[in-house]
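Here the structure comes first, spelled out in structure tokens, and everything after it is commentary.
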Amino acid sequence: MGEEEYNETIQNFPYSDPTLENSAFPRRFPFSLMVPRVYQQVKEFVVASLKYTEELNLSQTEVDDMIRKSTNLLLTRTLSGCLSTLIQKQNVGLLQLIQITINTNYLEHTNAYLEEYICGITGLVKFLLNT
């Protein structure tokens, strides 16, 4: 991956690896580019969900709760359904299964960043996350 594409990915996706940052171009992430794309689309989903709630006259806590629940459903049901379908295909090889597992792990690591993003966009204070 060239410098421009690398920098764009790093700006839009929460990933840091000092070894990768210090290596020469072209650089290669340990995950496929699907991971930052999915992360970005989930953030866009959060924004769309927030716009949807604007006319519902809900409290900030209710908006936050609604966005969290819908985002969680998106990640658990939709993505898990897609992964299940993909894994069940007979032509998926071991290397593809390994890459799917790696990608899924990197997506899981973004949960904390999505939590922060949702807090920032809904205006709720961080200590309300675990209540």
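Could you count how many residues in region 4-29 are touching a residue at least 24 places away in the same chain (Cβ under 8 Å) and either surrounded by 13 or more Cβ atoms within 10 Å (Cβ to Cβ) or in a helix (DSSP H, G or I) (or both)?
7
Take the residues in region 98-131 that are more than 19 Å from PRO36 (Cα to Cα) and exposed (fewer than 14 other Cβ atoms within 10 Å of the Cβ); name whichever of them is modelled with the highest pLDDT.
GLY120
Would you please name the residue that is modelled with the highest pLDDT, looking only at residues in region 49-77 that are under 19 Å from the mean Cα position of the chain (by Cα) and surrounded by fewer than 12 Cβ atoms within 10 Å (Cβ to Cβ)?
That would be LYS69.
Only one of these conditions is not met by MET34: (1) more than 13 Å from the chain's Cα centre (by Cα); (2) closer than 12 Å to TYR106 by Cβ. Which number is it?
Just one mismatch for MET34, condition (1).
Output the residues belonging to region 32-71 that are charged (D, E, K, R) and over 30 Å from ILE98 (Cβ atoms).
Across region 32-71, the qualifying residues are LYS51, GLU54, GLU55, GLU62, ASP64, ASP65, ARG68, LYS69.
Looking for something β-branched (Val, Ile, Thr), surrounded by 11 or more Cβ atoms within 10 Å (Cβ to Cβ) and farther than 17 Å from TYR117 by Cβ - is there at least one such residue anywhere in region 80-97?
yes
The values are calculated or read from the model by the stated rules, or taken from the named source; none is laboratory data. Note that the coordinates shown come from a computational prediction; the quantities given were computed from them, not determined experimentally. When we count neighbours, we look across all protein chains shown, and the Cβ atoms used for this are built from the backbone with ideal geometry, even at glycine.
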